[in-house]
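The values are calculated or read from the model by the stated rules, or taken from the named source; none is laboratory data. Please read all numbers here as calculations on a predicted model, not as lab measurements. Please note: Cβ atoms are built from the backbone with ideal geometry, for glycine as well, and neighbour counts cover all protein chains shown.
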Amino acid sequence: MASSSTSPCAACKFLRRKCQPECVFAPYFPPDQPQKFANVHKVFGASNVTKLLNELHPHQREDAVNSLAYEADMRLRDPVYGCVGVISLLQHQLRQLQMDLSYAKSELSKYQSHNLNGSATQGLIAAAAAAAAATHHHHHHQTLGNNLIGCCGGGVVSRDHLYHHHSPFFPTRDQQTAAIRAFDVNSSYDGTTGGGAGVLAMNASTGCIGQHPQFQQPRAAGNDDRPTPIDPS
Amino acid sequence: MASSSHPSAPCAACKFLRRKCIQGCVFSPYFPPEDPTKFANVHKIFGASNVSKLLNEIAPHQREDAVNSLAYEAEARLKDPVYGCVGAISVLQRQVLRLQKELDATNADLIRFSIQDIDF
């Protein structure tokens with residue numbers, strides 16, 4: 001090894017073969033990230049990955065490999081749902097946020113339309129004050145008062161009650177962000193298997209798969225806007 | 001076309017792989033012959049042997065969900081070979097963050113209005 005100018009890539013090391021100069025894996029599977037290739041090989045298989053990469057332009061291959069690595073990682077953490085479980089979770093959060101936002105806006109419009117009498121205003125003030133004083137933990141969101149919906153910064157936590165039926169564990173927004181941060185198209189793969197990505201590998205509600213209308217029509221990212229790296233800030 | 005004398009038609013996987021669909025075929029409950037595309041997609045992206053290994057490591061009552069999620073991922077990857085279903089995750093995550101910010105801002109407005117009203 002000391003006499004060669006470059007060490008074999010992680011793929012060729014794993015496959016125990018000579019890493020040729022034109023090796024298709026070498027640019028994307030550096031030798032210091034052995035887990036990345038191991039995962040991708042286990043889920044997709046080296047020959048499937050080769051075929052996939054060969055059908056893409058060279059400038060697209062890094063993104064493709066990183067997304068395959070993310071999918072493989074998710075599938076190994078959650079063999080039943082893989083990253084489809086993440087999609088299910090995000091869609092659920094989105095629906096909940098949309099409902100909460102719509103309700104909050106309607107509450108706000110009550111102030112803005114100036115058509116409150118004194119007693120109603122007192123009720124709203126009392127509710128808002130109670131909500132401001134309330135902690136975020138283990139509160140049914142309706143007990144926070146009608147004004148503060150899905151309270152600031154802990155919007156996910158305040159909806160604990162919704163998820164007790166589905167899963168014993170629900171990630172906070174920070175953990176969720178960490179899981180998504182594990183996939184970053186422009187940076188090197190986060191090969192740590194013990195990272196935050198694991199928390200989203202829990203099984204989504206079994207009612208989601210096959211019954212949720214969104215699952216019937218997977219959307220290509222190109223239909224919408226081009227996916228850009230998640231900015232954790 | 002299954003012959004009428006055959007007790008059950010081969011599943012889509014065995015049809016695709018051109019092999020006999022035996023009694024305990026691991027694919028047959030989840031790849032009915034009426035939906036050949038499902039197996040074709042899954043095979044193209046994951047490979048039959050990888051799927052078979054994966055299914056064997058999962059409890060039987062979870063295999064249907066596993067196959068359906070694999071089929072979803074495979075279809076997404078065929079439609080978007082660069083990002084697959086990870087593209088959808090990226091879009092959804094941005095939407096969630098955007099809505100959460102908007103909700104936080106609306107709640108902040110609500111607090112402000114209610115505080116203003118408290119000022120006697």
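The table for this structure:
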item	result
Selection within segment A:54-84 - outside any helix (DSSP H, G or I) and of a type outside the set (Phe, Trp, Tyr)	A:Glu55, A:Leu56, A:His57, A:Asp78, A:Pro79, A:Val80
Residue match in segment B:50-68 (condition: among the small types (Gly, Ala, Ser) and closer than 17 Å to A:Val84 by Cα)	yes
Residue in segment A:62-78 that is buried (at least 23 other Cβ atoms within 10 Å of the Cβ), in contact (Cβ under 8 Å) with a residue 40 or more places away in the chain and facing chain B (nearest Cβ under 8 Å) present	yes
Only one of B:Phe113, B:Phe120, B:Phe39 that is modelled with pLDDT of 95 or more and aromatic (Phe, Trp, Tyr)	B:Phe39
Verdict on B:Ala71 being surrounded by 24 or more Cβ atoms within 10 Å (Cβ to Cβ), in contact with a Gly (Cβ under 9 Å, 6 or more places away or on another chain) and within 14 Å of another protein chain (Cβ to nearest Cβ)	no
Residue that is within 8 Å of chain A (Cβ to nearest Cβ) and free of Cβ contacts under 8 Å to residues at least 12 places away in the same chain, where the choices are B:Arg19, B:Arg94, B:Arg98, B:Arg112	B:Arg94
Filter pass, B:Ile58 being outside any helix (DSSP H, G or I), out of contact with any strand residue (DSSP E or B) (no Cβ under 8 Å at 6 or more places or on another chain) and β-branched (Val, Ile, Thr)	yes
Filter result for B:Ala74 (closer than 21 Å to A:Ser67 by Cβ, assigned by TED's automatic domain parsing to the domain that holds B:Ala13, aliphatic (A, V, I, L, M) and part of a helix (DSSP H, G or I))	yes
